[in-house]
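The values are calculated or read from the model by the stated rules, or taken from the named source; none is laboratory data. If you're wondering where the values come from, they're calculated on a predicted model, not measured in any experiment. Quick reminder, even Gly has a Cβ in these numbers, built from the backbone with ideal geometry, and neighbours come from all protein chains shown.
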Amino acid sequence: MAGRLRRALTEARINLNSKAGNAEAILAELGRLMAVNPAETGSFHQALLDREHTGSTALGNGVAVPHARVAGVAEIRAAFVRTQNPIGFASPDGEPVDLFFGLIVPVHANTEHLELLAEIAELLSESDALDRLRRAKSAATIQATLLEPSA
């Protein structure tokens, strides 16, 4: 996982102080962070909204992994956002969400998409990973936590 995430999640795609106050705003922010041009911003936002309408991507424990497959994207892109205040996101435990890990994946990358989702879910289920993500003061700390959870 580390190689895929290292390529997909740059420091520029990490926001530790989001003011997003609802689901639509956080999906728009994730889309913007993963886009490399203005046209992609709207496309990614819509793809994330459409995916969320099919079922919540919230995992519980204040975590969600909004993700979508998008035509014309050549590589997996990732973003991480921590909100200032948790927001309602239809989580299975009914708790609001403050940690969002967004993914945009090429349409043809089914296997990589599922493997990455499974690896992220496993990482985020580790006992101290969520605490480290919530306490992190820098994008570099977030990357270290996501890429090397035992660090």
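Return the pair list, or none, for Cβ contacts closer than 9 Å from residues in the stretch 130-146 that are touching a residue at least 60 places away in the same chain (Cβ under 8 Å) to residues that are surrounded by fewer than 16 Cβ atoms within 10 Å (Cβ to Cβ) and among the aliphatic types (A, V, I, L, M), at least 6 apart or on different chains.
Ala136/Ala144; Ala139/Ala12; Leu146/Met1; Leu146/Ala2
Considering each of Thr83, Thr111, Thr141 in turn, give the residue that is of a type in the set (Ser, Thr, Tyr) and buried (at least 22 other Cβ atoms within 10 Å of the Cβ).
Selected residue: Thr83, the only one of Thr83, Thr111, Thr141 that is of a type in the set (Ser, Thr, Tyr) and buried (at least 22 other Cβ atoms within 10 Å of the Cβ).
Quick test for you: out of Ala12, Ala39, Ala20, pick the one residue that is crowded, with 18+ Cβ neighbours inside 10 Å and either without any contact (Cβ under 8 Å) to a residue 12 or more places away in the chain or of a type in the set (Gly, Ala, Ser) (or both). Quick ask: steps written out before the conclusion?
Details: Ala12 fails: crowded, with 18+ Cβ neighbours inside 10 Å; Ala39 fails: crowded, with 18+ Cβ neighbours inside 10 Å.
Going through Ala12, Ala39, Ala20 in turn, just one is crowded, with 18+ Cβ neighbours inside 10 Å and either without any contact (Cβ under 8 Å) to a residue 12 or more places away in the chain or of a type in the set (Gly, Ala, Ser) (or both): Ala20.
Would it be correct to say that Asp50 is of a type in the set (Asp, Glu) and touching a strand residue (DSSP E or B) at 6+ places or on another chain (Cβ under 6 Å)?
Numbers: of a type in the set (Asp, Glu): yes; touching a strand residue (DSSP E or B) at 6+ places or on another chain (Cβ under 6 Å): no.
No, not satisfied.
Any residue in the stretch 93-104 that's within 20 Å of Arg77 (Cβ to Cβ): show its pairings with residues that are at pLDDT below 95 and of a type in the set (Lys, Arg) at Cβ separation under 6 Å, as long as the two are six or more apart or on different chains.
Pairs that qualify, where the first residue is within 20 Å of Arg77 (Cβ to Cβ) and the partner is at pLDDT below 95 and of a type in the set (Lys, Arg), are Ile104/Arg77.
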